[in-house]
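The values are calculated or read from the model by the stated rules, or taken from the named source; none is laboratory data. This structure is a prediction, so every number in the text was calculated from the model and none was measured. Glycine also receives a Cβ, built like all others from the backbone with ideal geometry; neighbour counts cover every protein chain displayed.
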Amino acid sequence: MGLKGELATMGLEDIFQWLAVGKKTGILEIKGASHTKRVSFAEGKVTSVWSSDPRDYLGQYLLASNRITEQQLTEALAAQEDENQVLGKILVNRNLISEPEIRRMVQTKTEESIYDTFLWSVGTFEFHDHRVPDQKTMLINLEVTGIVLEGARRVDEWKVIRQVIKGEDAVLGPVSEVIADMLPLTPEDADVLFRLDEHKTIGLLMQELRRSEFILSKHMHEMIERGMLRVIDPGGHLNDATHAQLMKAKAFMEKEKLQEAQSELRRLLQQDPKIQEASRMLEVVQHKLEDQNLDQEQVLELALSMDELMQTHLESSEAFLATRVNGVWSIRDVIAVSPFPPEECLAIFAKLIRRGVLKVSNAGPSGTRTATYN
């Protein structure tokens, strides 16, 4: 028996409990405003999660936790093609992390990915009975009761946070005199403050720090309560009409109706040029329309000196990718360590090549790796 509907009419708490009580086996597919997630169940217990959000990938989670370096991640992902093993097993075999720790990390990553969906205000769900995951993954065995209780707790906490930080477009600034009295700072506080300026949104910080919106917003909310941060702009400017336009443009993109998506996004940006999500989507659309299909085995180099690069205005996502270009890694390698979707990375690379910031150094043999990046 299948089950599908809107999250607005049947919440995840009820869906998960129905699957647990019925000891269901299959895949629950949840489609939100920006990402899709598939939660695998076996006899009513959660065994794995697949997500289209790069920040949910195991490699990104390990980078965010400072457990491995970007160089180690690229080498491990490249090894997947030859060894045909899951990423966690490769890292264990290379003595970069112990097996008990990788299992704990996979479990925590899985739980965090699910908790994130409890905060989605819009979306659809569908349960595919008796379907199994398509790709290899490290399976776990999670009871649903604990997930539901923590998910409900976070929903309540999220309401409190949202009274102060109203959206990803919120902008916060440091309070220097308070920070000076709190030295030395914790690594977590220092990491946020190092990247903060009075223009950068929480959405961009989420990408740079590879953290979920809840985890980062909770941390910054605590820093506000301690007096370390002040609210410059609470955000929340994406009203229902704007959100609907973004979803309409995304639907056009998924159906490869690129001209329609481009028109919708341009209309939206004419109304409000500060909508960063629309800007990023428009770059992807324009890249596809111009048919600038970069070979992901190509290696990129900086076309500018470091002094010239420092004087060049780059968006946060552009700067992140440009600083990973080392003349050795392929485009595929850089995408693997990036918290941005592959299509967005390719669009940014094409833009930076057009601007003369990057150049193609050489191209390896064309081909597609079979490594899984999730």
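Residues in the range 90-111 that are within 12 Å of ILE68 (Cβ to Cβ) and of a type outside the set (D, E, K, R): how many?
Step one: filter the range 90-111 for residues within 12 Å of ILE68 (Cβ to Cβ), giving 90-92, 94-97, 101-102, 105.
Going one step further and asking which of them are of a type outside the set (D, E, K, R), we end up with 90-92, 95-97, 102, 105.
Qualifying residue count, the range 90-111: 8.
Look at the range 267-299 and say how many of its residues are among the hydrophobic types (A, V, I, L, M, F, W, C) and farther than 18 Å from LEU246 by Cβ. Full working, then the answer.
First, the residues of the range 267-299 that are among the hydrophobic types (A, V, I, L, M, F, W, C): 268-269, 275, 278, 281-282, 284-285, 289, 294, 299.
Adding the requirement that they be farther than 18 Å from LEU246 by Cβ leaves 289, 294, 299.
Of the residues in that region, 3 qualify.
Checking the conditions here, which among GLU277, GLU283, GLU301 is touching a residue at least 24 places away in the same chain (Cβ under 8 Å) and exposed (fewer than 15 other Cβ atoms within 10 Å of the Cβ)? Steps first, answer last, please.
Numbers: GLU277 fails: exposed (fewer than 15 other Cβ atoms within 10 Å of the Cβ); GLU283 fails: exposed (fewer than 15 other Cβ atoms within 10 Å of the Cβ).
None of the other options fit; the residue is GLU301.
So in the range 59-71, with the set limited to residues that are more than 12 Å from SER338 (Cα to Cα) and of a type in the set (A, V, I, L, M), which one is surrounded by the most Cβ atoms within 10 Å (Cβ to Cβ)?
That would be LEU62.
Quick check on the range 148-172: of everything there that is under 13 Å from MET220 (Cα atoms) and in contact with a Leu (Cβ under 7 Å, 6 or more places away or on another chain), which residue is modelled with the lowest pLDDT?
GLY167
Tell me which residues, restricted to the range 317-330, are crowded, with 18+ Cβ neighbours inside 10 Å and at pLDDT below 90.
SER317, GLU318, PHE320
Restricting to the range 59-95, what's the tally of residues that are on the phi > 0 side of the Ramachandran plot and either touching a residue at least 40 places away in the same chain (Cβ under 8 Å) or touching a Ser or Thr at 6+ places or on another chain (Cβ under 8 Å) (or both)?
Filtering the range 59-95 down to residues on the phi > 0 side of the Ramachandran plot leaves 66, 84, 95.
When the remaining residues are screened for being either touching a residue at least 40 places away in the same chain (Cβ under 8 Å) or touching a Ser or Thr at 6+ places or on another chain (Cβ under 8 Å) (or both), the result is 84.
Going through the range 59-95 one residue at a time, the tally reaches 1.
To keep it simple, each residue is scored yes or no on (1) without any contact (Cβ under 8 Å) to a residue 12 or more places away in the chain; (2) surrounded by fewer than 17 Cβ atoms within 10 Å (Cβ to Cβ); (3) more than 13 Å from the chain's Cα centre (by Cα).
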{"residue": "TRP18", "(1), (2), (3)": "no, yes, yes"}
{"residue": "VAL49", "(1), (2), (3)": "no, no, yes"}
{"residue": "SER52", "(1), (2), (3)": "no, yes, no"}
{"residue": "TYR57", "(1), (2), (3)": "no, no, no"}
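Would you point out the residue of the range 228-245, among those that are assigned to a helix (DSSP H, G or I) and among the small types (Gly, Ala, Ser), that is modelled with the highest pLDDT?
Narrowing the range 228-245 to residues assigned to a helix (DSSP H, G or I): 240-245.
Imposing the further condition that a residue be among the small types (Gly, Ala, Ser) reduces the set to 241, 244.
Values: ALA241: 69, ALA244: 72.
Per the criteria, the residue is ALA244.
What is the residue count in the range 72-111 for residues that are polar (S, T, N, Q), crowded, with 18+ Cβ neighbours inside 10 Å and under 20 Å from SER51 (Cβ atoms)?
Selection size over the range 72-111: 2.
Just give me the residues in the range 246-296 being at pLDDT 85 or above and either in contact with a strand residue (DSSP E or B) (Cβ under 8 Å, 6 or more places away or on another chain) or outside any helix (DSSP H, G or I) (or both), in sequence order.
ASP295, GLN296
If you go through the range 28-39 one residue at a time, how many are under 30 Å from ALA79 (Cα atoms) and buried (at least 22 other Cβ atoms within 10 Å of the Cβ)?
Selection size over the range 28-39: 2.
Confirm whether ARG210 is surrounded by 13 or more Cβ atoms within 10 Å (Cβ to Cβ) and modelled with pLDDT under 90.
On the way: surrounded by 13 or more Cβ atoms within 10 Å (Cβ to Cβ): yes; modelled with pLDDT under 90: yes.
Answer is yes for this residue.
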